[in-house]
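The values are calculated or read from the model by the stated rules, or taken from the named source; none is laboratory data. What you see is a predicted model; the values in this text were computed from it and never measured. Note: ideal-geometry Cβ built from the backbone for every residue, glycine included; neighbour counts use all protein chains shown. To get the accessible areas, we keep the full protein, side chains included, count just its heavy atoms, and leave off ligands, DNA and RNA. Shrake-Rupley method; radii C 1.70, N 1.55, O 1.52, S 1.80 Å.
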Amino acid sequence: MKNQNVQNDIKISTIYRMLIAFCLSSFLFLVFFAVFPRGHIIDVLVPGFNVASMLILLAYLHQNPLKHANLVIKLCAFVGLFSLVPATYYFLIMAWLGKWRFIDEFPPITGVMISAVAIGMIMLPKAYKNTVALVWLIISLPILHYLVLHPNELHSQRGYEILSLLGPASLLLCSILPYQRRILRHLDSVASLLRRTEEEAGRDFLTDLYNRRGLQNWMGQLNQDDKICVLLIDIDYFKNINDRYGHGTGDHVLVEVASRLRSIYFEKHIITRWGGEEFAVVLVNPKTSTLPYIGTMFQNSLGALPYKTVGKVTVSVGVSNIAAHEHFFALVEQADKALYSAKNNGRDQSVIYNDSLSQQRSPVS
């Protein structure tokens, strides 16, 4: 989860930088052509459209960065790519009509074109990469076709520059696209494996409940003002179960307890195998009015029905007070003292922490 949050932060930061860079570069083009006008209305329309689009996307992203990130990436790439198409065809069509020489009027945007394509190939989802390649061919092939049929423009410094940029770039695009897809699939599988490994590292292998590491990661996602209550649940006389029926049966009892724990409380909470035959339940923002009944509810639900092979199994429950989640370890200590009191007073009961328990020692394993 922590890695996922880091990836999201990097992704959102990258999108912000990309939008700002695109907006500034388009604004500079707009200023340049305003200072040095060439009489082409498209010199103002295209960069002006890009500046407005990027500002709108920035505002939209700012509303909810994580939720809007993917859509913003798609819109930004398509604005960049498709804004180049009308500009390119405007200068090409007028050149074919003999209004001017293409190399004299076409603005120096070939580098921008390649950058837009590269951003689209890197940032857009795999389903859109064919569209990026198609747009690139729609732009580059007509230019190359025009230059080949007009050798007087091709054999010039500007013609060679356009040819060297568009020709090799088109070939590279066509050749690396299959390999890029393969690399992305491999990266996706590696990322999926890492996520699965991280999730498995946070769970107990026997009960599939969270372990202490998983609990710590989960606690890190709580809101600053969230309050919690901690319950510690211990299976009574579990050593006797292992001694009489064997550790295999004891493991089955642990799995059955874990299964029953999942069906008791339905508000926001987490269940953890705290260690051995002890479980911890962390309730998030529980109602104060229900606190006196929470422990008893867990105790009765876990011991109401017999367990396979061993029959009746009871549990002891210690319940902490409700406090801010940053006081988690203090609440665990409270629940631990309450649990010790429950076990010391005959087990098969639930005890809520109070100040009179503060002087009691912790239970001995």
Exercise. Return yes or no: is Ile103 in contact with a Leu (Cβ under 7 Å, 6 or more places away or on another chain) and either of a type in the set (S, T, N, Q) or surrounded by 14 or more Cβ atoms within 10 Å (Cβ to Cβ) (or both)?
Key: no
Quiz item: Only one of (1) at pLDDT 95 or above; (2) closer than 23 Å to Arg203 by Cβ is not met by Ile264, so which one is it?
Solution: (1)
Exercise. Scan the helices (runs of 4 or more DSSP H) fully inside the stretch 208-309 and keep the ones with 1 or more residues being hydroxyl-bearing (Ser, Thr, Tyr).
Key: 238-245, 247-261, 291-303
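May I ask you to list the residues in the stretch 310-358 that are polar (S, T, N, Q), under 37 Å from the mean Cα position of the chain (by Cα) and not in a helix (DSSP H, G or I)? Spell out the reasoning first.
Taking the stretch 310-358 and keeping what is polar (S, T, N, Q), we get 314, 316, 320-321, 334, 341, 344-345, 349-350, 354, 356, 358.
Imposing the further condition that a residue be under 37 Å from the mean Cα position of the chain (by Cα) reduces the set to 320-321, 334.
Selection gives Ser320, Asn321.
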Practice problem: Give the residues of the stretch 160-185 that are modelled with pLDDT of 70 or more and either on the phi > 0 side of the Ramachandran plot or under 19 Å from the mean Cα position of the chain (by Cα) (or both), sorted by residue number. | Solution: Arg185
Quiz item: When only residues in the stretch 190-207 that are open to solvent by less than 90 Å² (accessible area, probe 1.4 Å) and part of a loop (DSSP other than H, G, I, E, B) count, which is nearest to Glu256 (Cα to Cα)?
Solution: Thr207
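Does Ile41 meet the test of being open to solvent by less than 50 Å² (accessible area, probe 1.4 Å) and aliphatic (A, V, I, L, M)?
Values: open to solvent by less than 50 Å² (accessible area, probe 1.4 Å): no; aliphatic (A, V, I, L, M): yes.
No: the conditions fail for Ile41.
Would you point out the residue of the stretch 304-355, among those that are among the aliphatic types (A, V, I, L, M) and in contact with a His (Cβ under 9 Å, 6 or more places away or on another chain), that is surrounded by the fewest Cβ atoms within 10 Å (Cβ to Cβ)? Write out each step before concluding.
The initial filter retains those residues of the stretch 304-355 that are among the aliphatic types (A, V, I, L, M), namely 304-305, 310, 313, 315, 317, 319, 322-324, 330-332, 335, 338-339, 342, 351-352.
Going one step further and asking which of them are in contact with a His (Cβ under 9 Å, 6 or more places away or on another chain), we end up with 310, 331.
On the way: Val310: 16, Leu331: 24.
By that ranking, first place goes to Val310.
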